[in-house]
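The values are calculated or read from the model by the stated rules, or taken from the named source; none is laboratory data. Just so it is clear, the structure is predicted and the values come from calculations on it, not from any experiment. Cβ: placed from backbone, ideal geometry, glycine included. Neighbour counts: every protein chain shown.
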C-alpha cells in the first residue's frame, strides 16, 4: 500500500521527464483515450438513470402515500344517497383528514385517456369515486372496510398499496441496476487500460532493459507508465463527461404528460455528480496501470 501511495504522490511531484519512455502516440494512446472517453460517456448516462430512478421512486411514494380511493357501485337512483352516506362515514372515521366525491368532469378526465374526451359519464353506470386523504396518524383500514361492507355493500376501499408497492420496487431496482452498470463500466475501463499498459510495456521491453542497465529502478519505470496512462485516462474521461452532459441537456424535459423516461437527467446538486467521473477514471487508470507495470516488469527480469 505504501508503494501505491508513493506512486500516487509521484504523479504530482515526481520526475515529469520520466514518462518519455512511454510512446506519446500510437495504438495505446488512442485506445486509452477512446476507452476512458467512451466509458465516461456511458457512466454519465448510467448515473443519470440511477438518480432519475431514485427521484421517480420518491415521487411515487410521496404522491400516493396517505391517499386512498373509495369506489361506490350502486343503481343510479341510489348513487347520491350512498355517496352521501359514505362521506358521512368517512367524516366520522378517526385518521381521515379529508374525503370528497369526484365531480363528473374529474371522472371524465380520468377515463379520457382510454375512452376519449366525449365519454357521456352521466349516462353510463360509472361508479362514483371518493378521494380519501388520511391524517398523520392514519386510519384503521381493516376496520373501515368492515364498516363499509356492513353499511354499503357496493363500496370498495382501495388504499393503492396493491399497485403502489410494485411501482416503487421497480424504480428502486432500476436505481440499483444503474449503480451496478457504473461499477461494470469502470471495471471494463480498468480491464482495457490494463491491456493497453501491457501492450505499451511489451513494446518498450528493450527500452526498459536499457533503463535498468543505467540504474533505473522498477518503481521509476512503472511511474513513467502510470503517469502517462493516468493523464490520458483523465483527459479522455473529462471529454467523455462533457459530451455526456451535453447529450443529457438535449434530452426532453420531464412533464406530466410525457413518459417517465423523459425525466432522465440531473436536477439541482445532482449536476455535480458527473464531475466525479474523471477523477474516478484517473484512479482506475492509476491502479490498473500500476498493477500491470509491476507485474510485467517482474516478468522481464
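Before moving on, here are some points about what is shown:
- Flag for residue 64 being surrounded by 17 or more Cβ atoms within 10 Å (Cβ to Cβ), at pLDDT below 85 and under 30 Å from residue 267 (Cβ atoms): yes
- Verdict on residue 172 being in contact with a helix residue (DSSP H, G or I) (Cβ under 7 Å, 6 or more places away or on another chain) and at negative phi: yes
- The single residue among 188, 180 that is exposed (fewer than 15 other Cβ atoms within 10 Å of the Cβ) and within 30 Å of residue 274 (Cβ to Cβ) turns out to be 180.
- Of the candidates 70, 47, the single residue that is touching a strand residue (DSSP E or B) at 6+ places or on another chain (Cβ under 7 Å) and at pLDDT 80 or above is 70.
- Across region 122-157, the qualifying residues are those that are in a helix (DSSP H, G or I) and modelled with pLDDT under 75, and the one among them that is nearest to residue 85 (Cα to Cα) is 122.
- Of all the criteria given as (1) loosely packed, with under 13 Cβ neighbours inside 10 Å; (2) at pLDDT below 75, the one not satisfied by residue 160 is (1).
- Test: residue 211 is out of contact with any strand residue (DSSP E or B) (no Cβ under 7 Å at 6 or more places or on another chain), farther than 30 Å from residue 140 by Cα and without any contact (Cβ under 8 Å) to a residue 60 or more places away in the chain: no
- Within region 73-89, if we keep just the residues that are assigned to a helix (DSSP H, G or I) and modelled with pLDDT under 85, the residue that is surrounded by the most Cβ atoms within 10 Å (Cβ to Cβ) turns out to be 79.
- Filter pass, residue 119 being modelled with pLDDT under 75, more than 30 Å from residue 43 (Cα to Cα) and surrounded by 13 or more Cβ atoms within 10 Å (Cβ to Cβ): yes
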